[in-house]
Every structure is written in structure tokens, then in C-alpha cells.
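Novice: Okay, here's the structure, questions in a sec.
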Amino acid sequence: MQEILNALCDSTRRAALAILWDGGEHCVCELMDRLNASQSRMSRHMKVLREAGLVVDRRDAQWVRYRRNPDLPREIMAVISAVLTAEKILEREMT
């Protein structure tokens, strides 16, 4: 659980998870563009998410595609969904 919480503590990683949480597969190039992050920075963040077991990846030519880990336990999915929802609500309230 500590590794998952550590992975969630960074705003860029939460933003990447929010994109991936739709269940689709997204190229690291898309994540870089949407989050305004360099390739090396995005790769480091995605490595943390992958090592925490939150995402899975597959190589597609020169790019890597990521998606939410379909084997996450329901309880962990619920925690992540709650964090992402709470962050979205807080962002709306602050604007």
C-alpha cells in the first residue's frame, strides 16, 4: 500500500492516471503533450506508476503505450478513483 500511496503523491502521476483511468490505452507521446512533460520526465513518472502496479505498458515501435492495470483489486481501484475524483472536485472549487 505504501508504494501505491507514494505513487499517488505526485501531481503529474495523478494527472497521468486520470488520463489512463478511462480504461483506454495511451501513448507516452500523448501523455507528454497533455501534461507538458519531457520524454525523460514522463518516463520516470510512468516507471513509478508501473512499479506500483497501477499501470501496464507495451512497446509500440519507438513509443510505449500505457493503460490502467486491469488486474488491480477492486479496493485499490476504489481508492484511486476516490483520489482522482476528490482532486477534480477541489480543482473546480478553486477556480
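Novice: Could you work out the relative contact order of the chain? I mean the mean sequence separation of Cα pairs under 8 Å and 6+ apart, divided by the number of residues, in percent.
Specialist: That works out to 28 percent.
Novice: Please compute the contact order of region 1-46 in relative form: average sequence separation of alpha-carbon pairs under 8 Å and at least six residues apart, divided by the residue count, as a percent.
Specialist: 32 percent
Novice: Kindly sort 43, 38 by accessible area of their heavy atoms, largest first, with the probe set to 1.4 Å.
Specialist: 38, 43
Novice: Show me, for region 32-44, the HN-Hα J-couplings you get by feeding each phi into the Karplus relation (A = 6.51, B = -1.76, C = 1.60, θ = phi - 60°), rounded to Hz, glycine and proline as x.
Specialist: Ordered by residue, 3J(HN,Hα) equals 4, 5, 5, 9, 6, 10, 6, 4, 5, 5, 5, 4, 5 Hz.
Novice: Quick one: P(r) of region 1-87 from all Cα-Cα pairs, 10 Å bins, percents rounded to integers, in order of increasing distance.
Specialist: Values per bin, smallest distances first: 18, 58, 23, 2.
Novice: Express in nm, to one decimal, how much length is gained between residue 38 and residue 88 on full extension, taking 0.36 nm for each residue of separation and deducting their alpha carbon distance.
Specialist: Full-extension gain reported as 15.6 nm.
Novice: May I ask you to give the percent of accessible area on the chain that is carbon plus sulfur, with a probe radius of 1.4 Å?
Specialist: On the way: 2950 of 5920 Å².
C and S atoms contribute 50 percent here.
Novice: Right, here's the next one. Provide the gained length on full extension for the span residue 19 to residue 76, in nm with one decimal, where the gain is 0.36 nm per separating residue minus the Cα-Cα distance.
Specialist: Here the answer is 18.8 nm.
Novice: Rank these residues by their accessible area, most exposed first, probe 1.4 Å: 95, 12, 85. Present the calculation step by step, with values, prior to reporting the outcome.
Specialist: Working: 95 145, 12 15, 85 75 Å².
Per-residue accessible area, sorted high to low, gives 95, 85, 12.
Novice: In whole Hz, what ³J(HN,Hα) sequence does region 45-59 give by Karplus (6.51, -1.76, 1.60; θ = phi - 60°), x for Gly and Pro?
Specialist: Per residue, the Karplus-derived 3J(HN,Hα) values read 5, 5, 4, 4, 5, 5, 5, 7, x, 7, 10, 10, 9, 8, 7 Hz.
Novice: Please calculate the 1.4 Å probe accessible area of residue 5, with all protein chains present, and give it to the nearest 10 Å².
Specialist: 80 Å²
The values are calculated or read from the model by the stated rules, or taken from the named source; none is laboratory data. Predicted, not measured: the structure shown is a model, and the values here were computed from it. To get the accessible areas, we keep the full protein, side chains included, count just its heavy atoms, and leave off ligands, DNA and RNA. Shrake-Rupley method; radii C 1.70, N 1.55, O 1.52, S 1.80 Å.
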